[in-house]
Structure formats: structure tokens, C-alpha cells
Amino acid sequence: MTDRLPRTMFLLLLSVASAQGVPPDPTACLVFQSVNGTSIACKPPAEVPRRLPADTIHLAVEFFNFTRLPAGLLRGAPRLQELHLSSNRLHNLSAELLQPVPGLKVLDLTRNALSRLPPGLFRASAALHTLVLKENQLRALDASGLHGLTALRHLDLSGNQLRTLPAGLLANVPNLRVLDLSDNQLEALPSGFLRGPLCLERLHLEGNRLRALAEDLLAPQADLRYLFLSDNKLAKVAPDAFRGLRRLDMLDLSNNSLTSVPKGLWASLGRPTQNLQYGFDLSRNPWVCDGHLHDLFRWLVDNKEKMFFQNDTRCAGPEAFKGQTLLEVAESR
């Protein structure tokens, strides 16, 4: 049982508390006190407190359009566990921002204007397990940018402007379970990129510009369960790309540039596969339904009950099969 108050429950309790008493002062933040500590939520036109109660465990300062945080915001709140700063306009963060809150577990910076992370930002954040940086303006990250986050389990970098990533970015986050890099501008991932985490479960790469899936990218992640690669420009997948993925439950390769796949690719997933319990999606690719898809045809017949959007998974060629579904062609062989 976690000792932190879940965010949804916190907001619900605040709503109930305000409904039972005098209408809240619009210039005051909402405050909820429990046996674990004080939770504070501030939205405009409320005034952000200059000093937090020493037992503050949850702080939300959102929708203020701050370009910088109030000076000393976290000073005097060493027990803080969750910090939500979404929907502001923060351009820069002080490298010292998190020093006063070494027990912080959740940091949400969604929808700001961050273009970089200061070196050493997380050097005192060994307890942080959730870091959300989605919908910022990050263009690059330093290889040491995540140093200090040894407990990190969830990293969301989606909706930024990342074109490349350093090979060693994940080297020191062994406990990472969820990595979301969707909706960036990535054209490739460096060799060995996933060798840091030891038990990654979800990998979101959809909405990028990836052109190839190398054979060594996924190899370190035998326990990967969800793999999202839709809406890229994938035209090539290595024969051993999925080898060793012994627990894969969801595979999405939709809306790419795949015309064919190499022989043996699907063998590593099993025929029929015992995994993929949540299914797979190969739709909206320009498949050329000739002899090069023989392995895929056999695999589809064995696993058709797990196939999403069968009617949208069609042959783009040759002319004799153009417009037919892959499954129709596969079952006629």
C-alpha cells in the first residue's frame, strides 16, 4: 500500500471538501490535510504560497503560464513526494530546483517550453520513479541527463522535438519499466540504446521517422510486453528484430512503409504464438503480396484471431492481388 495520496483521489477529496463548506476563496490554493501530510493544488487566479507547510507531500502549481518558478518554491518542504508543474511556460529549470526535496517520487512537467535540462538536475533524486516531460520543446538530451535516477520506472518524453538520442542516455536507469518516445522526430536509435534498463515492459516509438528496425535494438529487453511502432517510415525490419521477446503481448507496426519482411522474422514469436494476447496490427502498409510474404502468410493464418484491422491490412501489389486483404490471400495459398 503506497503512502502517497493518488492524484485523482486527492482532487476528488478537494472537490468534496469544498462542496461541504463555504465556497472557496478563488485567490487561495486548495489544501487537503491527511495523516500523511498536506496536499496543495494551485490554479489561477490563486496566489502561490511563498512558504509551504513543512509536511507538504503533494504540490500542484498548474496553468499559471509561469516562465520561471517562484524563488524558493520548494524550500522548507523536505517531505514532498509529488510535484506537478504542467501547463506553464517554463523555459529553464535551475539545476538546484530539486535539491530541497530528495524524497520526490513524481515530477510532472507536461506542456511547458523546456528546450533543455540543466546538467545535474537529478543528482539528488534517487527516489524519483515517474518523470513526465511530454509536450515540451526538447531538441536534444545529454548522455548524463538522467544520472541520479536509479529508481526511475516511468519516463515520458513524448511530444518533443528530439531528432537523435545519445547511446548512454538509459545507462543508469536499471528499473525503467515504461519508456515513451512517441511523437518526436527520431530517424534512428543508437546501437545498444536499450542496454541500461533491465526489465522494460512498454516501449512507445510511434509517431517518429524511423526507417529501420535493427536486430540488436530490442535484444536486451526479453520481458518487453508492449511495442508500439506505428506511424513511422519503417521499410526494413531485421530478421532477428523480435528474437528473444518471450513475453510480447502487443505489437503495432501499422501505418509504415513495409512492403515485405525477411524470412524467419515471425518464427521467433511462435507459430502459433503463445504470447500477443492483446493482439497485433500490420494495417496501412503497402504490402506486396508475392512469395516474399510466404512466412508472414503462414503466421497470419495461425494467428488471425489476434489480428487487428484485418480489413485495413491489404495488398498494394502485385496487380493480381491489389486491394485484397492479406488474410484473404494468405488463406488462399
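This model, with +1 at the C-beta of Lys and Arg and -1 at the C-beta of Asp and Glu, gives the stretch 187-310 a dipole about its Cα centre of some 100 debye.
Taking only the Cα atoms of the stretch 142-259, the radius of gyration and Dmax are 13.3, 43 Å.
What is the Cα radius of gyration of the chain over 2.2 N^0.38 Å, N being its residue count?
Details: Rg = 23.7 Å, N = 333, 2.2 N^0.38 = 20.0 Å.
Working it through for the chain, the quotient is 1.19.
Under 11 Å from the Cβ of Arg247, count the other residues' Cβ atoms, weight Lys and Arg +1, Asp and Glu -1, and hand me the total.
Working: positive: Arg225, Arg246; negative: Glu201, Asp223, Asp249.
It works out to a net charge of -1.
How about the stretch 254-330: which GluC sites (Glu not before Pro) there lie in a loop by DSSP and see at most 11 other Cβ atoms within 10 Å? Show your work: numbers first, answer last.
Details: sites: Glu305, Glu319, Glu328; in loops: Glu319.
Sites meeting the loop and neighbour criteria: Glu319.
Phi angles across the stretch 129-137 convert, under the Karplus curve 6.51 cos²θ - 1.76 cosθ + 1.60 with θ = phi - 60°, into 3J(HN,Hα) values of 10, 9, 10, 10, 10, 5, 6, 10, 10 Hz, Gly and Pro given as x.
The accessible surface of the stretch 51-124, taken with every protein chain in place and a 1.4 Å probe, is 51 percent carbon and sulfur. Can you return the lysines within cross-link range of Lys306? Criterion is Cα-Cα under 26 Å, with same-chain partners fewer than 8 residues away left out. Of all the lysines, those that pass the test against Lys306 - Cα under 26 Å, at least 8 places apart if same chain - are Lys233, Lys236, Lys263, Lys322. Remark: the stretch 190-195, residue by residue, has Karplus-estimated 3J(HN,Hα) of x, 4, x, 4, 9, 7 Hz, where x stands for each Gly or Pro and the curve is 6.51 cos²θ - 1.76 cosθ + 1.60 at θ = phi - 60°. Annotation: Glu96 carries an accessible surface of approximately 100 Å², with a 1.4 Å probe and no ligand, DNA or RNA atoms counted.
In the chain, the longest principal axis of the Cα atoms and the axis of helix 7-20 are about 50 degrees apart. Shown in residue order for the stretch 315-328 are the 3J(HN,Hα) couplings computed by the Karplus curve 6.51 cos²θ - 1.76 cosθ + 1.60 at θ = phi - 60°: 7, 8, x, x, 4, 5, 10, 4, x, 6, 6, 4, 5, 4 Hz (x for Gly and Pro). Compared with the dominant Cα axis of the chain, that is its longest principal axis, helix 294-303 is turned about 60°.
Using heavy atoms of the protein chains and a probe of 1.4 Å, the accessible area assigned to Lys304 is about 80 Å².
Ranked by the mean number of other Cβ atoms within 10 Å of their residues, highest first, the peptides 45-56, 113-124 fall in the order 113-124, 45-56.
The values are calculated or read from the model by the stated rules, or taken from the named source; none is laboratory data. What you see is a predicted model, and the numbers here were worked out from it, not measured in a lab. Every residue, glycine among them, receives a Cβ derived from its backbone with ideal geometry; neighbour counts consider all protein chains shown. Areas reflect the complete protein model, heavy atoms only, side chains present, ligands, DNA and RNA absent. Shrake-Rupley method; radii C 1.70, N 1.55, O 1.52, S 1.80 Å.
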